[in-house]
1. For region A:2-267, which whole percent of the accessible surface, found with a 1.4 angstrom probe, sits on carbon and sulfur atoms?
2. Under a crude label model (7 Å from the Cα following the beta-carbon direction), how far is A:Thr67 from B:Ser149 in nanometres?
3. 222 nm [θ] for chain A, helices only, -39500 (n - 2.57) per DSSP H run of 4+, per residue, to 500?
4. Send over the semi-axes of region A:2-267's equivalent ellipsoid, whole angstrom and largest first, taken as the square roots of 5 times the C-alpha gyration tensor eigenvalues.
5. Determine the shielding of peptide B:7-14 by partner chains: average, over its residues, the number of Cβ atoms on other chains within 10 angstrom of each Cβ.
6. At a probe of 1.4 Å, how much accessible area disappears from chains B and A on forming the pair, both sides counted, to the nearest 100 Å²?
7. If you take the beta carbon distance between B:Thr31 and B:Leu105 as r and set R0 to 56 Å, what does 1/(1 + (r/R0)^6) give as a FRET efficiency, to the nearest 0.05?
8. If I compute solvent accessible area with a 1.4 Å probe over the protein chains, what percent of it on region B:1-149 is carbon and sulfur?
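The values are calculated or read from the model by the stated rules, or taken from the named source; none is laboratory data. Because the structure is predicted, anything quoted here is derived from the model rather than measured. Methodologically, a virtual Cβ is constructed for each residue, glycine included, from the backbone with ideal geometry; neighbour enumeration extends over all protein chains shown. All accessible areas refer to the heavy atoms of the entire protein, side chains included, with ligands and DNA or RNA removed. Shrake-Rupley method; radii C 1.70, N 1.55, O 1.52, S 1.80 Å.
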Amino acid sequence: MGKGYSRLSAFIETLDIGITSSFKFPVLELLVAVYTALALAMPTFMMPTPSASVQAKMLGVLSGASTLTGFVTSILVIKTVAYDIGVEIERNILMNYLSMPLKRLDVFTARLIASGGIPLLLYAFSQVIALLVKAPSEFFSGVGDAMIMIAANIGPVFFLIVLMLLFSFVVKKGSTALALAIVIWFSRSVAVGILSFIAFFSENWALIKLVYVLEPAAAVRNYYSTGAALPGLRVIETSFEEMVGFLVLHYLISVIILAGLIYYFVRRFEVK
Amino acid sequence: MRRLALLLGRIGIALLVSGLVIYGLSLVEITVSSGFSSMSGELSPDMAVIRPFYALSGGRVRVTVFSDSQDIEVYVLKISPEAFRVLGRFIENITMEERVIDVGLARLILNEATRTGYVSIVGQWRGSGSTTVEPESDSYYAILMMTTSITPVRYGVSLQNLVAMIPKRNAIPVALNMVALGLPLSLLYAFRSKRVYRMIAGRG
């Protein structure tokens, strides 16, 4: 009991406060309903063929399921991470968390899970539900492949969470962080689109690699499907190792930035 | 511990709500078009056109043929996998694409349809028409067209793949599992929430 127990209790309390402040009852519960409905309502666009692989069918289902939920998650993350945490720093609310008998790392983790982890979980949950309802046999026969596809879809959202957190710590103002987050995120989406377009015409492997690192779902689509969703990115076939490599590299970038943020929060972060 | 119970309770309510949404959506039978394929061409008297296609169980494929001539004969055939393999011996490199074949071979396929159970006619008409196939298991089909006219006739074919927005047979077990898991967890929230407690005790 004693020290370990109280630290865990304090962590759970911080986590619960964080979740309740970002998602008051029953906002989270309603969001789950919305995510489920959006993931299931989008049809899977593909003509059935006898040669269509299990993975291609799952890819079709996930592609439909992530169309609207991906957009909603981006908006949610911009609000819960960039704005909420920015406001907490701006108004010195974060001081309350730091005054608890908790290590700074625990405060950071609890706040990160509450603001970024919940939208990320909602997004992953909606994708699993879509697979369970629309392609259950394919899902159970290729769980590993399904996990790779889901990881590739949620990777950019994880990157967005880390980026928003960075903005909040740099700007230290909710509204400015929110505006900056919107601009940067949509610029990134446009940049990926333009890069894909240039990569298609130039057939430049280095450029395609860059697109795959920024958007690992494109590499996954290239590997698993017979027709790439991003046009032209089948110019060069990717192997399984390359596809996993792009995915790992994508997460590695996010993890490195996150590690830097944790170091800054634990060692350098000063409340006003 | 109260905080943990509240968190688990909220997860339970989320699962419960999600299960109910899935169940509710599965009750609404909405069919959506998930794919479309079309072709057109000219059919000469000594030739026939065959266009194989594949349909998945639980889905529907609507076959529509347009023609300005009543001389065009259209057959929609259900072909067993064995018969499809045999067909591959007569029609080189048979795929899901349209192929022009000899009219004699087309008649042979039709005779086979009436003689054995390997090929069955599921739709038949002259000129323009439409039919929908709903296989119980994943199956091969083919549209076979030939003309009785001495002059070439023009035709157009469209294949529309229709699927249930939410397959009921898959959705209901998922929904039931989520409700079964979410219900006991959500009770944790009910018993631990002060608001709910006050409501039950009549003091809120």
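1. Solvent-exposed carbon and sulfur of region A:2-267 make up 72 percent of the total.
2. 3.9
3. Here the helix-only value at 222 nm equals -25000 deg cm²/dmol.
4. The answer is 35, 22, 17 Å, longest axis first.
5. Working: counts 5, 0, 1, 9, 4, 1, 5, 12.
What the average comes to for B:7-14 is 5.
6. Values: alone 12170 and 13370 Å², together 22670 Å².
Adding both sides of the contact gives about 2900 Å².
7. Numbers: r = 35 Å, r/R0 = 0.63.
Plugging the Cβ-Cβ distance into 1/(1 + (r/R0)^6) gives 0.95.
8. 52
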